[in-house]
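I have placed the structure first, in the form of structure tokens, so that the comments after it can refer back to it.
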Amino acid sequence: MSTKVAVVTGSNKGIGLAIVKAFCQQFEGVVYVTARDIGRGKETVETLVSEGLKPMFHQLDINDLSSITAAAAYFKDKYGGVDILVNNAGIAFKGADTTPFAVQAEVTLKTNFFATRDMLTHFLPLVKTGGRVVNISSFVGSRALNQCSPALQERFRSEDLSEEELVGLMQRFVEETKKDEHKKGGWPDTAYGVSKTGVTALSFILARRLSRERHGDKILLNACCPGWVRTDMAGTKAPKSPEEGAETPVYLALLPPDANQPHGKFVSDKQVQPW
């Protein structure tokens, strides 16, 4: 039996860290903390080890393509791939942030959508038979979708939306914010929301591709909302603890080997949600 391995992006704190802790306790395999900052990542691992857990660390900055490809090569060479991939790394500007909206849009989509897509481009081929892929999205993405023009809603919900078309839509949003024409273009005033609309739509596209191209491999790929969680990103007023936020991602990542659903869904509180 080859060693099973789970990788969680952006997992030196917050929801990612809570997911790692749960995997260390529930997953029979090696669990990797990944972080941009090597010092912070190793510190996190030391803390977890002092709590009796046994995670490993690998540097991974999803905004750096060479970091993604180096990590992908490492997991392929050492383990022959990965069994669980949780794309958790993401950013959000605070509501009171005075950074111009066009800059917020470009920076937010760069990480939350485009860098997450880069991760999936390089890691999805490494996901082993029976693997699980969980993309952390948000109910804010669903809300943003409902605020889009009818034409955009129709495309985002379409079963024939391609990855190329989706990438074009995300690029269009960023470009239109630079001219302050995004509202005229049918977009809502939320960069974070649009980025997560993109993550959920991308999840559906890639799940359909897996069903076509690797049907016998029984890989399940889903997007999920952890809920509003008390983290550096979401603030202290959020109702959920990181551990509570980790529940749905962990549930999806540890779906039993014989499960064939959910796949290509948006899940919150362990329930498939309408899109």
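The values are calculated or read from the model by the stated rules, or taken from the named source; none is laboratory data. Since the structure is predicted, the reported quantities are computational estimates derived from the model, not experimental observations. Every residue, glycine as well, gets a Cβ built from its backbone with ideal geometry; the counts of neighbours run over all protein chains shown. The area values use the complete protein model at the heavy-atom level, side chains included, leaving out ligands, DNA and RNA. Shrake-Rupley method; radii C 1.70, N 1.55, O 1.52, S 1.80 Å.
Take the residues of the stretch 145-164 that are of a type in the set (Ser, Thr, Tyr) and under 30 Å from ASP258 (Cα atoms): which is most open to solvent (accessible area, probe 1.4 Å)?
SER162
Cβ-Cβ below 9 Å, separation at least six or inter-chain, first residue in the stretch 21-50 and farther than 19 Å from VAL86 by Cβ and open to solvent by less than 20 Å² (accessible area, probe 1.4 Å), second at pLDDT 95 or above and aromatic (Phe, Trp, Tyr): which pairs?
Matching pairs, first to second residue: none at all.
Look through SER203, SER149 and report the one residue that is touching a strand residue (DSSP E or B) at 6+ places or on another chain (Cβ under 7 Å) and not aliphatic (A, V, I, L, M).
SER203
Might you let me know whether the stretch 218-225 holds any residue that is more than 23 Å from GLY14 (Cβ to Cβ), at pLDDT 95 or above and more than 17 Å from the chain's Cα centre (by Cα)? Break it down into steps so the answer makes sense when it comes.
Filtering the stretch 218-225 for residues more than 23 Å from GLY14 (Cβ to Cβ) gives 218-220.
Going one step further and asking which of them are at pLDDT 95 or above, we end up with 218-220.
Those still in the list that are more than 17 Å from the chain's Cα centre (by Cα) too: 218.
Yes.
Among the residues of the stretch 33-47, is any under 17 Å from THR3 (Cα atoms), part of a strand (DSSP E or B) and either modelled with pLDDT of 95 or more or among the charged types (D, E, K, R) (or both)?
Yes; the residues of the stretch 33-47 include at least one that is under 17 Å from THR3 (Cα atoms), part of a strand (DSSP E or B) and either modelled with pLDDT of 95 or more or among the charged types (D, E, K, R) (or both).
Has the stretch 229-242 got any residue that is modelled with pLDDT of 95 or more and crowded, with 19+ Cβ neighbours inside 10 Å?
No; the residues of the stretch 229-242 include none that is modelled with pLDDT of 95 or more and crowded, with 19+ Cβ neighbours inside 10 Å.
Restricting attention to the stretch 54-103, which residues are among the β-branched types (Val, Ile, Thr) and in contact with a Lys or Arg (Cβ under 6 Å, 6 or more places away or on another chain)?
ILE84
Conditions (1) open to solvent by less than 60 Å² (accessible area, probe 1.4 Å); (2) touching a residue at least 60 places away in the same chain (Cβ under 8 Å); (3) assigned to a loop (DSSP other than H, G, I, E, B), marked per residue:
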position	(1), (2), (3)
LEU166	yes, no, no
GLN171	no, no, no
VAL174	yes, yes, no
LYS183	no, no, yes
SER195	yes, yes, no
GLY198	yes, yes, no
LEU202	yes, yes, no
ARG209	no, no, no
LEU221	yes, yes, no
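Can we say THR69 is among the β-branched types (Val, Ile, Thr), over 30 Å from ARG172 (Cα atoms) and assigned to a helix (DSSP H, G or I)?
So THR69 does not fit the description; no.
Residue by residue, here is whether (1) touching a residue at least 12 places away in the same chain (Cβ under 8 Å); (2) assigned to a helix (DSSP H, G or I); (3) out of contact with any Leu (no Cβ under 8 Å at 6 or more places or on another chain); (4) surrounded by fewer than 17 Cβ atoms within 10 Å (Cβ to Cβ) holds:
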site: GLY95; (1), (2), (3), (4): no, no, yes, yes
site: GLN104; (1), (2), (3), (4): yes, yes, yes, no
site: PHE113; (1), (2), (3), (4): yes, yes, no, no
site: LEU120; (1), (2), (3), (4): yes, yes, no, no
site: LEU124; (1), (2), (3), (4): yes, yes, no, no
site: GLY131; (1), (2), (3), (4): yes, no, no, no
site: VAL134; (1), (2), (3), (4): yes, no, no, no
site: VAL140; (1), (2), (3), (4): yes, yes, yes, no
site: ARG143; (1), (2), (3), (4): yes, yes, yes, yes
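Okay, residues lined up against (1) of a type in the set (S, T, N, Q); (2) closer than 17 Å to ASN135 by Cβ; (3) assigned to a strand (DSSP E or B); (4) in contact with an Asp or Glu (Cβ under 9 Å, 6 or more places away or on another chain):
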| position | (1), (2), (3), (4) |
| --- | --- |
| GLU243 | no, no, no, no |
| ALA246 | no, yes, no, no |
| VAL250 | no, yes, no, no |
| ASP258 | no, no, no, no |
| VAL272 | no, yes, yes, no |
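In this structure, is GLY90 small (Gly, Ala, Ser), crowded, with 19+ Cβ neighbours inside 10 Å and either part of a helix (DSSP H, G or I) or touching a His at 6+ places or on another chain (Cβ under 6 Å) (or both)?
Answer is no for this residue.
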